[in-house]
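All of the numbers you see were taken from the coordinates with simple rules; none came from a lab. Because the structure is a prediction, the values reported are computed rather than measured. Reconstructed Cβ throughout: ideal geometry from the backbone, glycine too, with neighbour counts over all protein chains shown.
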Amino acid sequence: MKKYIINNIIKTIETIVIFTILMFINDTTFTEKSLSVAMNDNLEKTVDKNVIQASQDELYKEGIYNPIYTFMGELTGYAGDCALCTGYLACPPRTNVLKKGIYYNDKTYGTVRIVASSRNYPCGTILKFNVKKLSDEPIIAIILDRGVGGNVIDLLTESEDYAIKHVGRVRKLEFEVLREGWKK
């Protein structure tokens with residue numbers, strides 16, 4: 001009985017945390033309709049994963065993951081220790097990736113991959129793209145470096161060897177621009 005009560009308390013706390021996160025991300029107050037869809041009044045106080053998925057889908061459709069526009073380009077890979085690289089990113093904050101790594105913690109999008117682009121795309125631009133050989137999930141990345149031309153996006157990797165063996169050159173890849181530059 002005690003374990004049952006503890007499980008119900010944990011599930012209730014999880015529900016509250018999910019709603020808090022959703023409200024923070026959406027930055028709006030929930031309407032009665034969204035509350036009635038997301039509230040769970042069953043006797044066992046279990047969370048229906050379909051309700052959570054529906055809430056996430058709605059947020060996804062209306063939220064920060066809506067593309068502003070898309071473009072076709074190529075994906076290549078590079079490392080901070082390549083022959084012509086200094087290890088420092090060209091865009092502010094001029095981080096040394098040899099010390100800080102291949103990820104950046106963005107205030108809006110969380111932990112994202114770092115990419116280089118041409119000057120066609122401003123620093124701080126957030127991109128989303130799918131490359132099944134790298135990840136089953138879409139990759140969310142931020143432009144923090146320069147050094148390529150046209151519509152080539154260069155994914156920062158752990159090493160040149162990894163870039164060559166695993167990324168290579170992916171042609172005709174669709175990129176979604178979720179944020180252009182540092183502005184919201």
Listed pairs LYS100/LYS132; LYS107/LYS165; LYS99/LYS172 exceeding 29 Å between Cα atoms: LYS107/LYS165; LYS99/LYS172
Label model pair SER159, LEU98: point-to-point distance (7 angstrom along the Cα→beta-carbon line) in nm is 1.6 nm
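Let me know the shape class of the range 69-179, please: from the alpha-carbon gyration tensor, a ≥ b ≥ c as square roots of the eigenvalues, rounded when a/c is under 1.5, otherwise prolate if a/b is greater than b/c, or oblate. Numbers along the way, then the final one.
Numbers: a/c = 1.33, a/b = 1.11, b/c = 1.20.
Rounded, because the longest to shortest axis ratio a/c is under 1.5.
Using the Cβ atoms and a cut-off under 13 Å, what net charge is assigned to the surroundings of LEU89, where Lys and Arg are +1 and Asp and Glu are -1?
Working: positive: ARG94, LYS99, LYS100, ARG113, ARG146; negative: ASP145, ASP154.
Cβ neighbours under 13 Å give a net charge of +3.
Report the charge-dipole magnitude of the range 78-184 in Debye, nearest 20, computed about the Cα centre from +1 at each Lys and Arg Cβ and -1 at each Asp and Glu Cβ.
Working: 17 positive and 12 negative charges, 57 e Å.
The dipole magnitude comes to about 280 debye.
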